[in-house]
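Following: one structure in structure tokens, then a few remarks.
FYI, it's all coordinate maths here, none of it is from the lab. Being a predicted model, the structure only gives us computed values, none of them experimental. Here Cβ is always computed from backbone atoms with ideal geometry, including for glycine, and neighbour counts include all displayed protein chains.
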Amino acid sequence: MKTIHNINKWSFIITLLLYMTVILGLLSQILLGFIQVIIAIIIFSKWKQHTYRIRKYLIIYFSIVALYGVFWLLGIAETFNTNSMVMDPSILYLCIIPMSIAAYFVYVTYQIKKSTHELKLDYI
């Protein structure tokens, strides 16, 4: 799980750095989403190995992702169109919310890494 967390953490950091150029940040955010979906499937396949606390974190993560996906499919972000680039809600919907979800998933993978490390120490 340490490797999974490191891959997730570094893809997130690289995406944040690439946001210095907005276009590269948006493109790398697509790759980050792909990586995180694969990691989530791997983690979900080992559901029974996780503690109750980790399962709770994962349920929260999956719920947030599902809710965001439903809003995306329904086009909720498009209903808030404004003429101002500064106050444009699509920036929030396309950049800030997905990166916040990604940051939460980095936290979840860190907690998984920490809990598996604690389990290994208990066996020693």
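Report the residues of region 30-69 in range of a label on Ile14: point 7 Å along Cα→C-beta, backbone N strictly under 14 Å from it.
Under 14 Å, as judged by backbone N against the label point of Ile14, lie 30-36 of region 30-69.
For His117 and Ile60, FRET efficiency with R0 = 22 Å and r from the beta-carbon atoms, rounded to 0.05? Numbers along the way, then the final one.
Details: r = 22 Å, r/R0 = 0.99.
Efficiency for this residue pair is about 0.50.
Show me, for region 92-102, the HN-Hα J-couplings you get by feeding each phi into the Karplus relation (A = 6.51, B = -1.76, C = 1.60, θ = phi - 60°), rounded to Hz, glycine and proline as x.
Computed from phi, the couplings for region 92-102 are 4, 6, 8, 10, 6, 5, x, 6, 5, 4, 5 Hz.
Fewest first, what order do Tyr110, Tyr61 take by the number of other Cβ atoms within 10 Å? Don't jump to the answer; show the numbers that get you there.
Details: Tyr110 14, Tyr61 19.
Ranked by crowding around the Cβ, least crowded first: Tyr110, Tyr61.
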